[in-house]
Structure formats: C-alpha cells, structure tokens
Amino acid sequence: MTDRHTLDQLSETYQASIPDDLREARSFSWYLDTVYEDPHVARNAHQRVADMFDHYGTQYSEEDGLVEYALAAEDPLHDGENVFYGREIHEAIHEFVNKVKSGARGLGPEKRIKLLLGPVGSGKSHFDWLTRRYFEAYTREDAGRMYTFRWTDLCSVIDDQDPGDDTVRSPMNQDPLVLLPNEQRAAVIEDLNETLDAPYTLRNDQHLDPASEFYMDELLAHYDDDLEAVLDNHIEVIRLVASENRRECIETFEPKDKKNQDETELTGDTNYAKLAVYGESDPRAFDYAGAFCNANRGLFSGEELLKLQREFLYDFLHASQEGTIKPKNNPRIDIDQVIVGRTNMPEYREKTGDEKMEAFNDRTKRIDYPYVLEYDSESKIYRKMLQNADVPNVHVEPHTLEMAGLFGVLTRLEEPTDETVDLLEKAKVYNGELEDEEVDRRKLREDAEESADIGEGMEGVSARFIGDEIAEAIMDATHRDRSYLSPLSVFDHFEANLGGHGSIAADDLDRYKRLLDTVREEYRERAIEDVRHALAYDVDELRRQGEKYMDHVMAYIDDATVDDELTGRETEPDETFLRAVEEQLDIPSDRKDDFRQEVSNWVSRRAREGRDFDPQDNDRLRRALERKLWEDKKHNINFSALVSATDLDEEERGAWVDALVDRGYSEDGAAEVLEYAGAAVARSEMEDGAD
C-alpha cells in the first residue's frame, strides 16, 4: 500500500506554491524602491514573455541553426507530458520567440499580431496553450513577478462615489509606474535603464485608463496637486499573477456566431449596473471586461482568428499597431500585451486573397507551424500519446509507430525535383538516415519551399488522424484478444478509414493509398531484416567483426599495417574484407574512403568522450556488419522450415522467436513476423541457391 497524502501535506505543498507577498498590500514608495533594486519588475509584456522562454532553459542546435527552448523540448513543469518533437516544430517555436524578443527590443514586432499558421492538428494550439501555462507559472516566480495597484478610501474624497467602490482595483492591471506623470516617469525609467542588465531597455509611455485617470484628477484636486499625498493615502501596490481562469493578464478569444459578432467582446462595454449611479458619460460606468482589457500586461490568444468578420478584425489594427483600443463612446485605452492568433489554411487563403484585408495582413507576422517531417520524431508523438493514456495490456511491436509516422510524413512531403531521389528516400534523408554526402538535405528543403504553395508540411495527413487510428487498432486488438499491436493491423485501419475522415480530401485518397503501399513495402523490408537478424545474429561475432573492420580501416587511413590474427605477422589492410562489409550498404568503390573516414571520425569522437567502441551504436556500421554476418551464416540455416510449417522444428522455431523477442517483439508478434517475412526470406535465399 502506497503512502497517502495527508491534508496537512497537501496544504503545505499548496502554500509553498503561492508567492509570499500575494496577499500583501505595499505602498507606492515601496514599489519605487523595488524597481530601483530590480528594474526587471517594470518590464513590458513582450519583455516578460521573452525572458520567460529563456528562464526555463535553452539549448542551441548547431546542426539545425536554432534554439530549442526547454519549455517545449522538455516541459519541466509537467514532467515532459507536453514535449514537442520535430525539427520543423522547433523552428516555428524559435521563430515565434524571435518575434517576441524583437518586440521586446522595440524593433517592430511588438506592433504586430503573431499569427500561427498551420494545418489542422499540427500542434499550434497546444503550443499556444503551453505558453499560457508557463506564463502563469513564471509570474508566480520571483524572476517573473509583476505588480499592479488599487485605489483606496475613495469615498472620503469623492462625494458621489458608490460605497461599493470605496476600493477599486486598476481595471487594466496597469503597472504602478503609470501613476507617475509622463515627465517624472520618464526620469525614473531613464534611471532604471542605467542599471538594467538586459538586451532591451524599459519603456512605458502609457496613459492611465479612463477610470483611474478620473480618480487621479479628483484626488489631485483635493490635495492641491500633491502627488505624494495622493499616492500615500489612496494607492496600494499588490502582486499581480497571471491567470487565464481569472482572466487576468491572459485572455483567450474564440469566435462565436459569425453573424452576431460584437466588438464589446474585445473592448468592453457599459456597466449598466453603474450607469444609474454615475451617469452615461462617467468613466466609472464602464465595464473593462473585454478580451483586450483582460489580457493587458500579458498574452492575448485568438483562436481561429481569421474566421472573424472583416469589420470585427479592425479592432486588431489599433490594438497591434498603436497599442490602443477604442471602446464605444469612450476615449482610447492603452494596452500592453503579446497578441497571438491562430488560423488554419483555408481561412488564411481566403483572407490573404481579400484586397480589403490589406491593412490587417500588413499588421501580422506569419509564423508557419507545419506538420512534423521526420518520421522518428513523428513516432515520438504517438509514443507520448500512449504514455499519457491508460493503454490496455497490448504490446506495441517494433516498427509500428515508426511506420505509422512514415506514412504521415510521406503525405506531407513535396515531391523531390531531383529525379535521382524518390519520395521515400527524401523521407529517409529528412530522418537523418542518409548522409548529406549522399543526398543534399539542405537542397531538398530549399527546393520544397520553392515548389510548395505555402510551405512544406502544411498539407497532408495529421498526427491526430494517425493517433486516432492507432487507438482504434489497440481497442480492436483487445476485442479480438490479441496481446500485441503490429504495423500490419495499423495499416489495415489506415486503409479502411482514410476515406471517412473529414480532413482528408477525396482527391488525395488514391495518392495516399499508393503511399500506404510504399510504407507496407518498407515495413516488409524491415521485417525481413529482423528475421535475418533472428536467424543469424551473434552479438559477440558482430563485435569481433566490428573491431576487425575498424583495425583495418585505421591502418588503411594511416597507411600502416595490422597484425594477422593467425600468424601474428604484420600485413597490409584486408581490402577484400573491408569491401565485403561496405558493399552491404551499396557503397561504391569510389566512395569507400568517405565512409571509412566517417566511421573513423565517429570512433575518435567516442574515444575523446571516454566511451568504448561498440559497433551497435553506429547505425550504418551495425547494418553493414549484420548483413555481412548474414552472408557468412545463411548457408547453415534450414530455410525449408520457414516455408513449410510441417518442417519446422519446435526447438529451432523457439530459438528464432526468442531472438526476435530480444529485438523487442512479443512472442505472438514474433510468430506473426516469422510467418509474414520468414517465408519471403526463405524463398529468396532458396531461389538464389538454385541459381
């Protein structure tokens, strides 16, 4: 029995997660001292969000030329539950953060909508969601803290103030520095920038919101323009923590009825309960409940933004370019927020083709958020899906998720313009299976970007569809009392349900089915390789052959000799043996030096890292040695036993099954792959023997 959590423990953990000063009211003088001690407290929204991404960790990838942010690459707050995979996705996140960081420096993107554009199911909404969760967490930490203010004891000065409004919080959650007149505020900010250790400078030229400006004017009149008296007697500074649920510093906006969209959803509306108290033209009779008001100091997230009517989008023009909103019958109100929008391909094409949307389009920074294009990364999405779910006791066989990912990737890739490379080879290049010396990966990507309508990976089958079909295949396996999930069963579900999925166009069905046949054939080749491995694999022999190969390679490169294993004499490198290994990878004679130098460099890197040589850790060398081992041992294998079940010796079969189990198969899955690929292996070798 596991230890239970007691209420005392739960309460203590919760209390530790709450900022110490969350409930504490401070003076304006205290806040002024605080920002002088730590100017970061006075950051604007772009600056705070930019620092948030760095705060949780970064790692620069030399190979891809981009920064991976731990927020998305590791998800430390949720134990990796929301990790994002794929080079393209991290490129999109890198570009998004760069836009925010440029905005933090006042370079222009702070005046633009960051528009995440991608196909359905590409993960753009989930990334937006994750950013909001981390912003909430960041503002609870000392590094991300921010403050706002509330007006107090108003009834003692303002005669017609409603007693219920004796204490009024800043309706826009503004920074307390906004309480200072422009000239005095500018002087303070100039001081702060002199000690600020950041790649940006602080700036704040906002006006008080109309209600706060009303209170300031009334109180200054009462105290004969003694600003200190106003701030000492009627201002309390309080900690501000972002919360989407409370609609504080984070707001999500979703279009509802297209025919009845109301701008007050964005900019706020008259507070009719206060109208009878204060009168129609009084700024105190306004309800700051619009989405832009709630998002002030933080993040505005617009879902399916381009589904909004053209007229409704006009509010975004001033919100982005000028940092203001214009509620009906009210003056302009300054806002400070990172405006993020999300949209799918059809809406984007429609709006970009509309000449009347030119001004809106000019105020957006498009960030392409495509599907993943490396099938190993794609398979990790499905593996994460299974890890996060209550999966029945079903064993996922080798290649199942990778082949599912390969099918998805093939539907998303642009056809290569290089006729020497087919689509499957291109997928393998993107997956890192073929070296750049063999196929130019960068050139393939550049050609694809030129030929694609918007960008490569912006069309095709979504991970959502594939994940759904994997889930269906798992449930089907449980209903049929099958203890394993194999690629073959997943392929069957793909084929059966492609035509019934709403996001897959009828025009694409024939092409997708042909690509599925390609994936079936690729899996067949891998299954055959696994069966060969089971029949002939010997880990000790593999290591011995690997060590021999490397000894002869190093001697070849150094123009040296090697000790003969039998005689102990110094001999020249065994070129026949070296080529016997290399030909298993179809490496031509004129490319042998490149391959030998490649594996030599790999061994040297491992030695510098203090790691022993193991041929199984180098994928290409391992495959070459395994195939060489097969060629050496296949003559001793009883192939007729694989073709005819009656000839099968149970002990022999059991050894083969055990070998496949060692490669990750279940016993039932091993039996299936023996039946599926074993006969093909046997017939091929028996035919070769007959020739």
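Taking the simple approach of a point 7 Å from Cα along Cα-to-Cβ for both residue 198 and residue 155, what is their distance in nm?
3.9 nm
Round to the nearest 10 and report in Å² the accessible area of residue 101, as given by a 1.4 Å probe over the protein chains' heavy atoms.
Solvent-accessible area, nearest 10 Å²: 60 Å².
Tell me the relative contact order for the chain as a rounded percent, counting alpha carbon contacts under 8 Å between residues six or more apart.
Relative CO of the chain lands at 12 percent.
Taking the full set of protein chains and a 1.4 angstrom probe, give the accessible area of residue 605 in square angstrom, rounded to the nearest 10.
Residue 605 has an accessible surface of roughly 110 Å² with all protein chains in place.
With unit charges on the beta carbon (Lys/Arg positive, Asp/Glu negative), name the residue among 599, 589, 561 whose Cα is farthest towards the positive pole of the charge dipole of segment 523-612.
The residue sitting most towards the positive pole is 599.
What FRET efficiency comes out for residue 547 versus residue 246 if R0 is 60 angstrom and r is the Cβ-Cβ distance? Round to the nearest 0.05.
0.40
Highest mean first, how do 575-586, 229-240, 161-172 rank when packing is the count of other Cβ atoms within 10 Å averaged over residues?
The packing order, highest mean first, is 229-240, 161-172, 575-586.
Looking at the chain only, what percent of DSSP beta bridges run antiparallel? Nearest 5 please.
Just about 50 percent of them are antiparallel.
Hey, can you grab everything whose amide H is under 5 Å from the amide H of residue 66? Only 5+ residues off in sequence or another chain; H modelled, so Pro and N-termini drop out.
61
Can you give me the distance in nm between label points at residue 608 and residue 287, each placed 7 Å from the Cα along the Cα-to-Cβ direction?
Inter-label distance under the simple model: 6.6 nm.
Could you tell me the distance between the Cα centroids of segment 194-243 and segment 103-177, to the nearest Å?
15 Å
Would you give the gap between the C-alpha center of segment 542-576 and the C-alpha center of segment 1-77, rounded to a whole Å?
Each part's Cα centre sits 57 Å from the other's.
Taking all protein chains together and a probe of 1.4 Å, list 342, 247, 482 from the most accessible to the least accessible. If you can, show how the numbers build up before the last one.
Numbers: 342 15, 247 105, 482 55 Å².
Descending order: 247, 482, 342.
Quick one: what are the phi-derived ³J(HN,Hα) couplings along segment 394-403, Karplus 6.51/-1.76/1.60 with θ = phi - 60°, whole Hz, x for glycine and proline?
10, 7, 8, 6, x, 6, 4, 6, 5, 6
In straight Cα distance, which lysines are under 24 Å from residue 633, not counting same-chain residues fewer than 8 positions off?
Straight-distance partners of residue 633: 548.
Sequence-distant or interchain residues sharing an amide H contact under 5 Å with residue 286, placed H: which?
Distant-sequence amide H within range of residue 286: 271.
So what is the 222 nm mean residue ellipticity for the chain from helices alone, if each DSSP H run of at least 4 adds -39500 (n - 2.57) and you divide by all residues, rounding to the nearest 500 deg cm²/dmol?
-15000 deg cm²/dmol
Enumerate the lysines that residue 307 could reach by cross-link, defined here as Cα to Cα under 26 Å, with residues fewer than 8 away along the same chain left out.
Partners found: 99, 111, 114, 124, 256, 258, 259, 326, 328, 351, 356, 365.
When ligands, DNA and RNA are left out and all protein chains stay put, how many square angstrom of accessible area per residue does segment 215-344 have with a 1.4 Å probe? Mind dumping the intermediate values first?
On the way: 5610 Å² over 130 residues.
Solvent-accessible surface per residue comes out at 43 Å².
Given charges of +1 on the Cβ of Lys and Arg and -1 on the Cβ of Asp and Glu, with all other atoms neutral, how large is the dipole of segment 283-336 about its Cα centre, in debye to the nearest 20? Provide the component values of the computation, followed by the final result.
Working: 7 positive and 8 negative charges, 38 e Å.
In debye, rounded to 20, segment 283-336 gives about 180.
Mean separation of Cα pairs under 8 Å and 6+ residues apart, divided by the residue count of segment 514-665: what relative contact order is that in percent? Walk me through the numbers before you get to the answer.
Values: 99 pairs, mean separation 45.5, N = 152.
Relative contact order comes out at 30 percent.
Could you state how much accessible area residue 634 has, in square angstrom rounded to the nearest 10, with a 1.4 Å probe and all protein chains kept in place?
About 30 Å², rounded to the nearest 10.
For residue 341, which sequence-distant residues (separation of 5 or more, or a different chain) have an amide H within less than 5 Å of its own amide H, given hydrogens modelled in the peptide plane?
Amide H neighbours of residue 341: 114, 115, 116, 302.
Ordered by residue, what ³J(HN,Hα) values in Hz, to whole numbers, does segment 600-608 give under the Karplus form 6.51 cos²θ - 1.76 cosθ + 1.60, where θ = phi - 60° and Gly and Pro are x?
For segment 600-608, the Karplus curve yields 5, 4, 5, 5, 5, 4, 5, 5, 5 Hz.
Going 7 Å from the Cα of residue 27 toward and past its Cβ, which residues in segment 178-194 have a backbone nitrogen under 20 Å from where you end up?
Residues 178-181, 185, 188 fall inside that zone.
For segment 93-106, take each phi angle, set θ = phi - 60°, evaluate the Karplus expression 6.51 cos²θ - 1.76 cosθ + 1.60, and give the result in whole Hz per residue in order, putting x for glycine and proline.
5, 4, 5, 4, 5, 4, 5, 5, 5, 5, x, 4, 8, x
So what's the gap between the Cα centers of segment 321-360 and segment 501-532, to the nearest angstrom?
That distance is 42 Å.
Please work out how much length the chain gains when fully extended from residue 472 to residue 120, using 0.36 nm per residue of separation minus the C-alpha to C-alpha distance, in nm with one decimal.
Details: separation 352, 0.36 × 352 = 126.72 nm, distance 2.01 nm.
Value of the extension gain: 124.7 nm.
Work out the charge dipole of segment 83-140 with +1 on the Cβ of Lys and Arg and -1 on the Cβ of Asp and Glu about the Cα centre, then indicate which of 123, 84, 103 is farthest towards its positive end.
Going by the charge dipole, the pick is 103.
Simple spin-label model, 7 Å along Cα-to-Cβ: residue 579 to residue 633 in nm?
For the pair residue 579/residue 633, the computed spacing is 2.6 nm.
Please state the charge dipole magnitude for the chain, taken about the Cα centre, from unit charges on C-beta atoms (+1 on K and R, -1 on D and E), reported in debye and rounded to the nearest 20.
1680 debye
Which parts of segment 338-371 would a label at residue 453 reach, counting a residue when its backbone N lies under 12 Å from a point 7 Å out along Cα-to-Cβ?
345-350
Calculate what fraction, in whole %, of the accessible area of the chain sits on carbon and sulfur atoms when a 1.4 Å probe is rolled over the protein chains. Don't jump to the answer; show the numbers that get you there.
Working: 14180 of 33510 Å².
For the chain, the apolar C and S fraction of the accessible surface comes to 42 percent.
Taking a ≥ b ≥ c as the square roots of the Cα gyration tensor eigenvalues, with a/c under 1.5 meaning rounded and otherwise prolate when a/b beats b/c, else oblate, which class fits the chain? It would help to have the intermediate numbers written out before the result.
Working: a/c = 2.58, a/b = 2.23, b/c = 1.16.
Since a/c reaches 1.5 and a/b is larger than b/c, the shape of the chain is classed as prolate.
Sort 219, 424, 107 from largest to smallest accessible area, using a 1.4 Å probe on the heavy atoms of the protein chains.
Numbers: 219 0, 424 35, 107 125 Å².
Ranking 219, 424, 107 by accessible area, largest first, yields 107, 424, 219.
How much accessible area per residue does segment 73-150 have, counting only protein heavy atoms and a probe of 1.4 Å, in square angstrom?
The answer is 33 Å² per residue.
Rounded if a/c is under 1.5, else prolate if a/b beats b/c, else oblate: with a ≥ b ≥ c from the C-alpha gyration tensor eigenvalues square-rooted, which is segment 1-48?
Cα axes put segment 1-48 in the prolate bin.
If I take R0 = 41 Å and measure r between the Cβ atoms of residue 254 and residue 332 in this structure, what FRET efficiency does the formula 1/(1 + (r/R0)^6) give, to the nearest 0.05?
After rounding to 0.05, the efficiency reads 0.95.
The values are calculated or read from the model by the stated rules, or taken from the named source; none is laboratory data. Everything quoted here is computed from the prediction, not taken from an experiment. Heads up, the Cβs are rebuilt from the backbone with ideal geometry, glycines too, and the neighbour counts pull from every protein chain shown. Side chains included, ligands, DNA and RNA excluded: accessible areas come from the protein's heavy atoms. Shrake-Rupley method; radii C 1.70, N 1.55, O 1.52, S 1.80 Å.
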